[in-house]
There are 2 protein chains.
Amino acid sequence: MATIKAGIPKGTRDFLPRQMKQRQYVMDVIRSVYEKHGFAPIETPAIENIETLMGKYGEEGDQLLFKILMRGAKAASGACDLGLRYDLTVPLSRFVAMHQNEIGRIFKRYQMQPVYRADRPGHGRFREFYQCDIDMIGAAAPLPEIALLQAVNDVFTALHFDAITIHINDRRILRAFIDVADIAQDDETTAITAIDKLDKIGREGVLKELADRGIAPQAAQKLLDIIEAKESNAQTLDELDALFVSHDEARQAVAELRVIVETAGHFQNPPHLRVSPELARGLNYYTGAIFEIQAEGLSSSIAGGGRYDHLIGMFSGKDIPAVGISLGFERICVIMEERGMFRDTDSGVDVVIAPFHRDALGKATELSAKIRETGLSCELYPGFDKLAKQFKYANERNARFVAVLGEDEMRANTVTVKNMNSGEQKNVSFEKIGDIFHQS
Amino acid sequence: MATIKAGIPKGTRDFLPRQMKQRQYVMDVIRSVYEKHGFAPIETPAIENIETLMGKYGEEGDQLLFKILMRGAKAASGACDLGLRYDLTVPLSRFVAMHQNEIGRIFKRYQMQPVYRADRPGHGRFREFYQCDIDMIGAAAPLPEIALLQAVNDVFTALHFDAITIHINDRRILRAFIDVADIAQDDETTAITAIDKLDKIGREGVLKELADRGIAPQAAQKLLDIIEAKESNAQTLDELDALFVSHDEARQAVAELRVIVETAGHFQNPPHLRVSPELARGLNYYTGAIFEIQAEGLSSSIAGGGRYDHLIGMFSGKDIPAVGISLGFERICVIMEERGMFRDTDSGVDVVIAPFHRDALGKATELSAKIRETGLSCELYPGFDKLAKQFKYANERNARFVAVLGEDEMRANTVTVKNMNSGEQKNVSFEKIGDIFHQS
């Protein structure tokens, strides 16, 4: 027999039952909280037309797309007509453009599906990973922003993340900075990319990066003086207000941030909310508020998002306001595992039935149904091996009970039930089997 | 603004909230029944190494694989190193070979993920579709077969499929037919493919197809005489037994079918089980029992599977017995929709809060949390539009209540709650808001 090497693609993972239980638990919590907040689920295909994906994630993003070869005779050309989705925001925008008449004017959706990036795999970085997004389509700032932050805050509360920090900024503020600091419009993206690294590489690091990219030292200094962290959100917002006297768009952004900050104080378990003027986020499509969420004791983010009022217009020809937050599902699972935040995620079975012979099979089958009706999980040992071997299996499966249907039991119409924790053994009539598991 | 045509790949679908609720309901039922039967979830990546997939599904299957272009400089060659998974059985076999030390000797898993086939899309045939598989690894027939059939039967009972028919056969019986009918070993696959169509194209059709493929008319006649439907399972099994006096493997298969048929009579809601000697199923990898399940009034199948004792060995170098059943998730959803079998799948919200002004936002936010605590879903209307517009939205969302926080209410620390079904309107104190929704 020709053996094929059993391997999986670089950067992808198999999930075993124990991990799956953890992942399903997190997804169930997210699903339940989002539905409580009036968000409804959608799904989109993993494969999208290549033109839907290209050019949405910057040049680097294009490089990281998985592209699918055309089928049939066209395969020989090496041409690709499809690609794997890179995030859930572009597919959502395409979805909204296509289904405008089926969804309401205001559309609140959540979506939990894997995305694909041909990134260099590394610690906690994968080529296939789940994203869990919520977005609100069709409404202007700042109420949708507040609704999203409240829902996400409730998710982290439900998952027992004690203290999250929400960093918030606005793309219009960043744009105004560039203007106020006398940096050329052409250098906007370069400058924003550099200042986004402030908390990672520090002031000197950012200054060097700005200099390397040809931005005048005075402009860079001025930019950082404006941006660097202030004592309180109120002080930051006041200074921004003062700074942007002649920038209407930026003043509007500051006013919206003010409402968001104030209202977040009324959340059930209020998060630390920090106006962070250096926050930029990589993606090109943001137009308004942007968010990044951190768990206590970790500098990397566990969620992020922002407003993208022009992206849907790229598909529909008509701008539709939109804002969304994506949870870093994989990172959340890693943190919860490391910090022991998962409840019991046993993937075993409650009761194993040990049949002794094929004559017991009908009875054993009926018994299994009776036991499942009581709410327990139950299975037959899949063979007629010696009892010792069947008990060994039950142990491996973490079974709480083993129900033996031997010759004596068959004759007397009884079952012998062994409690695997206490070792206690009882012989009960077939009819009363339901009681015993819930007494023990 | 450059507009991109908003489209999705041929044969793929977006799922809107209403469909998602239906699909989630079906998946939740399947998940819950399978876990009650002691099956645990796993997931595998959507992308597999190309050599894992090639050659497992016959020549036609290879043509239908979606192949992924290599990245970086290697892309220019047009070479593909990865492909999208085509089913869940081959990935499972690869998984078992890789994780032998992490899973037990006997491994019971379920898996619900989409698969990809570049098939010609048609009515109910898609290029991306979910499969829901259960498999038992590591145990010989027939107890695993019985466990799978009982679990699948319980799924259909839980979904309120009144009467399913399970067709069952065994590859060893088909092989013995070929021998008994004096058909050459080389023509085995050809002959099996032809007789599999018996219920679709009838006796004459099968005879013609066998003749076209160069099988002698006498042999073809003999084959069909043996196979054609018998009065009862008992009669069929007896005749098979008599026919295969000198075929030990086939006699063993008949004995196993006998146990399966007898035990299925003890299932809680016993299915129609029919020994169908013409049943062949397309895939190459089956070695023992094979199944196909039909819903009442439909000739196409809603589930299928079988034993594949050599597939894992292709990856591990060592044969491990395995058997599985795959539910036709998409077809099940279509049938349930057509037959009105879905419960209420409203994707709206219970309560819409209508804030009148940003001064009400803090209060409205607190109110929404209070309402969610009572178990209802709740959202703020995302703006300060006129009340009429907010009510219109609440109607579109199928809201049961609208809670108005107007100026009067803010001053008096009350909320006005309108029951959208009865039209009744009540003014209640902010503290007592929880009560009103569950009284109404």
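The values are calculated or read from the model by the stated rules, or taken from the named source; none is laboratory data. Everything numeric here is computed off the predicted structure, so don't read it as measured data. Neighbour counts run over all protein chains shown; Cβ positions are idealised from the backbone, glycine included. Accessible surface is based on the protein model in full, side chains and every heavy atom, while ligands, DNA and RNA are left aside. Shrake-Rupley method; radii C 1.70, N 1.55, O 1.52, S 1.80 Å.
Kindly indicate whether any position in region B:339-362 is among the aromatic types (Phe, Trp, Tyr), open to solvent by less than 20 Å² (accessible area, probe 1.4 Å) and more than 9 Å from chain A (Cβ to nearest Cβ).
Looking only at region B:339-362, we keep the residues that are among the aromatic types (Phe, Trp, Tyr), and these are B:342, B:356.
With open to solvent by less than 20 Å² (accessible area, probe 1.4 Å) added as a condition, the list becomes none.
There is no residue in region B:339-362 that is among the aromatic types (Phe, Trp, Tyr), open to solvent by less than 20 Å² (accessible area, probe 1.4 Å) and more than 9 Å from chain A (Cβ to nearest Cβ).
If I ask for residues that are within 18 Å of the chain's Cα centre (by Cα) and either without any contact (Cβ under 8 Å) to a residue 60 or more places away in the chain or closer than 18 Å to B:ASP170 by Cα (or both), which ones from region B:283-299 would you list?
B:LEU283, B:ILE290, B:PHE291, B:GLU292, B:ILE293, B:GLN294, B:LEU298
I'd like to know if region B:390-407 contains one or more residues that are surrounded by 14 or more Cβ atoms within 10 Å (Cβ to Cβ), more than 22 Å from A:ARG105 (Cα to Cα) and more than 40 Å from the chain's Cα centre (by Cα).
Yes.
When you scan region B:413-426, how many residues do you find that are loosely packed, with under 13 Cβ neighbours inside 10 Å and closer than 19 Å to B:HIS357 by Cβ?
1
Just one of A:ILE335, A:ILE312 is within 30 Å of A:GLU145 (Cα to Cα), in contact (Cβ under 8 Å) with a residue 24 or more places away in the chain and touching a helix residue (DSSP H, G or I) at 6+ places or on another chain (Cβ under 7 Å); which is it?
On the way: A:ILE335 fails: touching a helix residue (DSSP H, G or I) at 6+ places or on another chain (Cβ under 7 Å).
Going through A:ILE335, A:ILE312 in turn, the sole match is A:ILE312.
Quick one: would you say A:LYS36 is open to solvent by 10 Å² or more (accessible area, probe 1.4 Å), at the interface with another protein chain (Cβ under 8 Å from one of its Cβ atoms) and among the charged types (D, E, K, R)?
yes
Which residues, counting only those in region A:39-53, are open to solvent by 10 Å² or more (accessible area, probe 1.4 Å), in contact (Cβ under 8 Å) with a residue 24 or more places away in the chain and at the interface with chain B (Cβ under 7 Å from one of its Cβ atoms)?
Hits for region A:39-53 are A:GLU43, A:ASN49.
Which residues, counting only those in region A:368-419, are away from every other protein chain (no Cβ under 11 Å), within 22 Å of B:SER32 (Cβ to Cβ) and of a type outside the set (A, V, I, L, M, F, W, C)?
A:ARG400
So the check is Cβ under 7 Å with 6+ separation or different chains; which pairs have a first residue in region B:1-12 that's at the interface with chain A (Cβ under 7 Å from one of its Cβ atoms) and at pLDDT 95 or above and a second one that's part of a loop (DSSP other than H, G, I, E, B) and open to solvent by less than 20 Å² (accessible area, probe 1.4 Å)?
Matching pairs, first to second residue: B:ILE8/A:PRO45; B:ILE8/B:ASP14; B:PRO9/A:PRO45; B:THR12/A:PRO45.
What number of residues in region A:235-251 are within 19 Å of A:THR263 (Cβ to Cβ) and touching a residue at least 12 places away in the same chain (Cβ under 8 Å)?
Total satisfying the criteria: 4.
I'd like to verify a number: residues in region A:82-123 that are within 8 Å of another protein chain (Cβ to nearest Cβ) and not β-branched (Val, Ile, Thr), how many?
15
Mind checking whether some residue in region B:269-282 is surrounded by fewer than 23 Cβ atoms within 10 Å (Cβ to Cβ), part of a helix (DSSP H, G or I) and of a type outside the set (S, T, N, Q)?
No, region B:269-282 contains no residue that is surrounded by fewer than 23 Cβ atoms within 10 Å (Cβ to Cβ), part of a helix (DSSP H, G or I) and of a type outside the set (S, T, N, Q).
If a residue counts only when it is in contact with a Ser or Thr (Cβ under 9 Å, 6 or more places away or on another chain) and in contact (Cβ under 8 Å) with a residue 12 or more places away in the chain, which helices (runs of 4 or more DSSP H) contained entirely in region B:362-440 have at least 1 such residues?
B:407-412, B:433-439
Do we find a residue being closer than 30 Å to A:PHE384 by Cα, outside any strand (DSSP E or B) and open to solvent by 30 Å² or more (accessible area, probe 1.4 Å) anywhere in region B:80-100?
The answer is yes, given that some residue of region B:80-100 is closer than 30 Å to A:PHE384 by Cα, outside any strand (DSSP E or B) and open to solvent by 30 Å² or more (accessible area, probe 1.4 Å).
Can you tell me which residue among B:GLY306, B:GLY324, B:GLY328 is touching a Phe, Trp or Tyr at 6+ places or on another chain (Cβ under 7 Å) and closer than 29 Å to B:ASP199 by Cβ?
B:GLY306
Can you go through A:ASP135, A:ASP162 and tell me which one is within 19 Å of B:CYS378 (Cα to Cα), assigned by TED's automatic domain parsing to the domain that holds A:GLU256 and charged (D, E, K, R)?
Criteria check complete, one pass: A:ASP135.
Can you confirm whether region B:253-260 contains a residue that is more than 14 Å from chain A (Cβ to nearest Cβ) and in contact with a helix residue (DSSP H, G or I) (Cβ under 9 Å, 6 or more places away or on another chain)?
Yes, region B:253-260 has at least one match.
So is A:ALA264 under 15 Å from A:HIS167 (Cα atoms), aliphatic (A, V, I, L, M) and crowded, with 19+ Cβ neighbours inside 10 Å or not?
yes
Would you confirm whether or not region B:14-27 contains a residue that is assigned to a helix (DSSP H, G or I), modelled with pLDDT of 95 or more, aromatic (Phe, Trp, Tyr) and under 27 Å from A:ARG117 (Cβ atoms)?
No - not one qualifying residue is present in region B:14-27.
Name the residues in region A:399-440 that are among the hydroxyl-bearing types (Ser, Thr, Tyr) and within 23 Å of A:PRO382 (Cα to Cα), would you?
If the condition is that a residue be among the hydroxyl-bearing types (Ser, Thr, Tyr) and within 23 Å of A:PRO382 (Cα to Cα), then A:THR414, A:THR416 are the ones that fit.
Would you mind finding the one in A:MET98, A:MET27 that is in contact (Cβ under 8 Å) with a residue 12 or more places away in the chain and under 22 Å from the mean Cα position of the chain (by Cα)?
That would be A:MET27, the only listed residue that is in contact (Cβ under 8 Å) with a residue 12 or more places away in the chain and under 22 Å from the mean Cα position of the chain (by Cα).
What are the residues in region A:285-318 that are part of a loop (DSSP other than H, G, I, E, B), open to solvent by 20 Å² or more (accessible area, probe 1.4 Å), within 14 Å of another protein chain (Cβ to nearest Cβ) and not acidic (Asp, Glu), if any?
Passing the criteria: A:TYR285, A:THR287, A:HIS310, A:GLY317, A:LYS318.
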